[in-house]
1. Looking at the stretch 112-152, which of its residues are hydroxyl-bearing (Ser, Thr, Tyr) and farther than 30 Å from Gly45 by Cβ?
2. Just need a number here: residues in the stretch 171-197 that are closer than 16 Å to Ala59 by Cβ and surrounded by fewer than 16 Cβ atoms within 10 Å (Cβ to Cβ).
3. How many of the residues making up the stretch 54-73 are over 16 Å from Cys112 (Cβ atoms) and either touching a Leu at 6+ places or on another chain (Cβ under 9 Å) or at pLDDT 95 or above (or both)?
4. As an exercise: evaluate Met236 against (1) buried (at least 18 other Cβ atoms within 10 Å of the Cβ); (2) of a type outside the set (Phe, Trp, Tyr); (3) closer than 26 Å to Gln107 by Cα and give the number of the one condition it does not meet.
5. Could you grab me the full set of residues in the stretch 246-257 that are charged (D, E, K, R) and either crowded, with 19+ Cβ neighbours inside 10 Å or out of contact with any strand residue (DSSP E or B) (no Cβ under 8 Å at 6 or more places or on another chain) (or both)?
6. Can you name the residue in the stretch 60-108 that is at positive phi and of a type in the set (Gly, Ala, Ser) and is also surrounded by the most Cβ atoms within 10 Å (Cβ to Cβ) among such residues?
7. Looking at Val29, Val35, Val41, which one is more than 24 Å from Gly333 (Cα to Cα), hydrophobic (A, V, I, L, M, F, W, C) and surrounded by 15 or more Cβ atoms within 10 Å (Cβ to Cβ)?
8. Can you tell me how many residues within the stretch 233-247 are assigned to a helix (DSSP H, G or I) and either touching a helix residue (DSSP H, G or I) at 6+ places or on another chain (Cβ under 7 Å) or among the hydrophobic types (A, V, I, L, M, F, W, C) (or both)?
Amino acid sequence: MNPVLPVGKLPHALLEKIIRSAPTSGPRVLLGPGVGLDCAVLEFGETCLVLKTEPITFASDEIGWYAVQIAANDIATTGARPSWAMFTVLLPEGKTTEESVMALSGQLTDACRAAGITLVGGHTEITHGLDRLIIVTTMLGEILREKLVTPDKAQSGDFLILTKGVPIEATALLAREFPSVLQDHLTAEEIKTAQNYLFEPGISVLKDAQIAVQTGGVTAMHDPTEGGVATALWEMAQACQLTFRVDPRQIFIPPLSVRICEIFGLDPLGTIASGALLLTVKPDSKGAVLSALNAAGIAAAEIGVVAEGAAEVLVSRKGEIHPFPRFDRDEIGRVYQQFEPG
């Protein structure tokens, strides 16, 4: 029997199998595809071109804002600034109007202008068989090779830092897509606050990454998306082939996020978490990076340390060492199978 795969990212083992069979090397390819690698990097002398493609499939409300921020986050994890974007926009048959297209266009162009990103192309069409809008973003940035940061460069002895907390994106997404489910549990003001998590504390990590890199001592960065911070930690450990020792008590989960995850029966550590930035820093830079982020109004905390060993994430409980939780799919996928948005 050949089981049907669930909603969400492909399992890591299957993804690795695909990558192994693909032509992934070339004279300019500095960084190609791999588990835990946010971007591709092409080398042009002393300059590198950083590339990312990212779909938005869960969100419908403010989807244009999501499409820009989520792809820009991945570019930011390399230390580069997102500069150029292309969008493939697939619009549902029988539901698309000129008014809705212009509203979406406004979201995309406003978000690009706010981030200093130039729209350089794309493709739009009304597509048969879709019941909701899908946007795929291709984002590009540029950086000097000597300043490039990649997820595989963490070193033993580095400290793990997490900004803002988790799961910011899921909090906003659930409140915007399923307000009718929440209205029996939360006040209207609480739902509105959760919806605004999209902007405050926000799902962008561009500022977080820039401040950390400018401060110095950053060895690797990763953007927790599907599968939450737990999956991001495992991906990062695999990318650098080292052990991450994590203290989950130091991972901040806003009380409102805790309540919303409880309502839907989700583990916040495995729920889509854009808005937080994972980074590893050299021991003598930890204090400076934390101070710089906090001074800019960005909450940040040390959550663990990088150590020699197998590519795994470990946690100590009652004097015993256990693997950190792993999630084969993002927790939020179950919500879309159980409830209709609205």
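The values are calculated or read from the model by the stated rules, or taken from the named source; none is laboratory data. Nothing here was measured: the structure is a model prediction, and the numbers come from that model. Note: ideal-geometry Cβ built from the backbone for every residue, glycine included; neighbour counts use all protein chains shown.
1. Filtering the stretch 112-152 for residues hydroxyl-bearing (Ser, Thr, Tyr) gives 118, 124, 127, 137-138, 150.
Once the filter is applied, which keeps residues that are hydroxyl-bearing (Ser, Thr, Tyr) and farther than 30 Å from Gly45 by Cβ, the stretch 112-152 yields Thr124, Thr127.
2. Within the stretch 171-197, residues that are closer than 16 Å to Ala59 by Cβ and surrounded by fewer than 16 Cβ atoms within 10 Å (Cβ to Cβ) number 1.
3. Step one: list which residues in the stretch 54-73 are over 16 Å from Cys112 (Cβ atoms), which gives 55, 57-61.
Checking the rest, the ones that are also either touching a Leu at 6+ places or on another chain (Cβ under 9 Å) or at pLDDT 95 or above (or both) come to 58-61.
Qualifying residue count, the stretch 54-73: 4.
4. Evaluating Met236 over (1) buried (at least 18 other Cβ atoms within 10 Å of the Cβ); (2) of a type outside the set (Phe, Trp, Tyr); (3) closer than 26 Å to Gln107 by Cα leaves (3) as the failure.
5. First pass over the stretch 246-257, keeping only residues charged (D, E, K, R): 247, 249.
Arg249, the sole residue that qualifies.
6. Of the stretch 60-108, the ones at positive phi are 62, 79, 94.
Still in the running and of a type in the set (Gly, Ala, Ser): 79, 94.
On the way: Gly79: 22, Gly94: 8.
Out of the qualifying residues, it is Gly79.
7. On the way: Val29 fails: surrounded by 15 or more Cβ atoms within 10 Å (Cβ to Cβ); Val35 fails: more than 24 Å from Gly333 (Cα to Cα).
None of the others qualify; the one that does is Val41.
8. So the answer is 6.
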